[in-house]
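Just so it is clear, none of the values below were taken in a lab; they were calculated from the coordinates. All values derive from a computational prediction rather than experimental measurement. Positions of Cβ are generated from backbone atoms using ideal geometry, with glycine treated the same way; all protein chains shown enter the neighbour counts.
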Amino acid sequence: MVRRLVGTPSVSSTQQEFDQSNSDVIHLLANWLEPLGFQIEIIPIKGKAGKSNLIARFGEGSNGLVLSGHSDTVPFDEHLWQSDPFSITEQDDKWHGLGSCDMKSFFAIAIEAAIPFLQGSLARPLIIMATADEESSMCGAKQLIRANVADAGFAIIGEPTDLKPIIRHKGIMMLNLRVEGTSGHSSDPALGNNAIEGMHRAVSELMTYRDELEKTHQDPRFAVSIPTMNFGCIHGGDNPNRICDHAELAFDLRSLPSMDMADFSGALEDRVARVLVDQGFTCRLEPLFSPVPAFDNGDSTLAKEVSGITGCEPGSVAFGTEAPFLMDLELDTVVIGPGSINQAHQPNEFLPLAQIDPAIDLLRNLIGTHCT
């Protein structure tokens, strides 16, 4: 199953040239789950051709268990891989492949865990859910409504956490800043207004704001205890002998649970405009997607249960997940899965084989408790 999932491309990206459909992965899962007795629902994503969520349900009743994951992967640098990203290569007790860790293997593990429980009826339903575009817009999770999981009360999201339960993560905003100047011949700077120089001013102001946030907001429950801002990609101009008339920067801001993300959007826009407008530049700051809220489920009864099984105390991570959206659906949500985030989004991504059986055992324990 892992080989088939990894071998089925489903890259999602903010860059259209890299973005792909996830339909083949969704139908692959559906074709495995339906013969096992799951009721299959494939939900197209509004405004996203070729993108769908899958909800596979076994059993009737209420207060059931959701095993959830995202069906997409990030883009990849093929020339940096030492093996084919779209096949499983076993080496040094690891499975290498794009999505092996983050997080296609979780679906195979969830199905394997469920099989012993599918011979009869369940007291409460088991739901296996696959979402679209977690690695870009999170549009799949954002489109879910309570009616999709009305019979569920608990959710496991199988992101790579080295099988340690996670009940807290930062929020994330992705924004695009466009600075516009005036083009002209490079032989005379007075003929134009260079947008790259304007972007330099803007980035300097953003870095100052980042430093201020680091001093005023800290949370020791996180390994990276401060909010972070990353300048991810920048583009501008078209030729060395022409004054650049536009430049664009895409960046993210990861906030702590105590921070109100709405406040930062306005502050960012005001500060950038202040250093640009008087210099003759125009600017536009727009979100690439609606923000992903921080996740904090410190009162989780499911987390206490998972902690008892694994022997690991619930913790915090800096990366974002779909957990806030499942919490909005009134699901007691814990993030836990095999593999490490340190191998995610990397060339030669891998899943340690030693974590597969413990992951299956964990899910079987939870299915037995919550569904039988």
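Quote the charge dipole size of the stretch 309-372 about the Cα centre in Debye, to the nearest 20; the model charges only the Cβ of Lys and Arg (+1) and of Asp and Glu (-1). Kindly include the intermediate steps, with their values, before the conclusion.
Values: 1 positive and 8 negative charges, 36 e Å.
Computed charge dipole of the stretch 309-372: roughly 180 debye.
Holding the Cα-Cα limit at 21 Å, pick out from K94/K304; K164/K304; K51/K164; K170/K215; K51/K142; K51/K94 the pairs that are longer than that. Walk me through the numbers before you get to the answer.
On the way: K94/K304 30 Å; K164/K304 12 Å; K51/K164 30 Å; K170/K215 17 Å; K51/K142 13 Å; K51/K94 30 Å.
From K94/K304; K164/K304; K51/K164; K170/K215; K51/K142; K51/K94, over 21 Å: K94/K304; K51/K164; K51/K94.
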| remark: Applied in sequence order to the stretch 212-220, the curve 6.51 cos²θ - 1.76 cosθ + 1.60 (Karplus, θ = phi - 60°) yields integer Hz couplings, x standing for Gly and Pro, of 5, 4, 5, 7, 9, 10, 9, 9, x
| request: Go ahead and collect, in residue order, the members of the stretch 330-353 whose backbone nitrogen is under 20 Å from a label point 7 Å along the Cα-Cβ direction of V224. | output: 335-337, 339-350
| said: Along each principal axis of its Cα atoms, how long is the stretch 171-287 end to end? Whole angstroms, biggest number first, please. | reply: 54, 24, 21
| request: Starting from the Cα gyration tensor of the stretch 194-233, take the square roots of the eigenvalues, sort them a ≥ b ≥ c, and report rounded, prolate or oblate (rounded when a/c is under 1.5, otherwise prolate if a/b is larger than b/c, else oblate). | output: oblate
| query | Can you run phi through the Karplus equation (6.51, -1.76, 1.60; θ = phi - 60°) for the stretch 225-232 and list ³J(HN,Hα) in whole Hz, with x for Gly and Pro? | reply | 7, 10, x, 10, 10, 10, 8, x
| How would you classify the stretch 1-115 from its alpha-carbon gyration tensor, with a ≥ b ≥ c the square roots of the eigenvalues: rounded for a/c under 1.5, else prolate if a/b is greater than b/c, otherwise oblate? | oblate
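Using r as the Cβ-Cβ distance of D188 and D162, and R0 as 56 Å, what FRET efficiency do you calculate, to the nearest 0.05? Could you put the intermediate results ahead of the total?
Values: r = 59 Å, r/R0 = 1.05.
Once rounded, the FRET efficiency stands at 0.45.
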| remark: With a ≥ b ≥ c from the Cα gyration tensor eigenvalues, square-rooted, and the rule rounded for a/c under 1.5, otherwise prolate when a/b > b/c and oblate otherwise, the stretch 297-367 is oblate
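How high is the FRET efficiency between E286 and H27 when r is their beta carbon distance and R₀ equals 56 Å, given to the nearest 0.05? Could you put the intermediate results ahead of the total?
Numbers: r = 34 Å, r/R0 = 0.61.
E between E286 and H27, to the nearest 0.05, is 0.95.
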| field | Point-charge dipole on Cβ atoms (K/R +1, D/E -1) for the stretch 65-134, about Cα centre, debye to 20 | value | 520
| task | Using just the helices of the chain, give the 222 nm mean residue ellipticity in deg cm²/dmol: DSSP H runs with n ≥ 4 each add -39,500 (n - 2.57), and the total is spread over all residues, rounded to 500. | result | -8500 deg cm²/dmol
| query | Of all DSSP beta bridges located in the chain, what percent are antiparallel, nearest 5? | reply | 70
| said: Taking θ = phi - 60°, what integer Hz values does the Karplus form 6.51 cos²θ - 1.76 cosθ + 1.60 yield along the stretch 70-85, in sequence order, with x for Gly and Pro? | reply: 9, 8, 9, 10, 7, x, 8, 9, 4, 5, 8, 7, 8, 8, 5, x
| message | Here are a few candidate values for Rg and Dmax of the Cα atoms in Å: [x] 22.6, 80; [y] 21.6, 68; [z] 29.4, 125. Which one was actually calculated from the structure I just gave you? | response | [x]
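What is the magnitude of the charge dipole of the chain about its Cα centre, with +1 placed on the Cβ of each Lys and Arg, -1 on the Cβ of each Asp and Glu, and no other charges, expressed in debye to the nearest 20?
Details: 26 positive and 50 negative charges, 111 e Å.
That gives a dipole near 540 debye.
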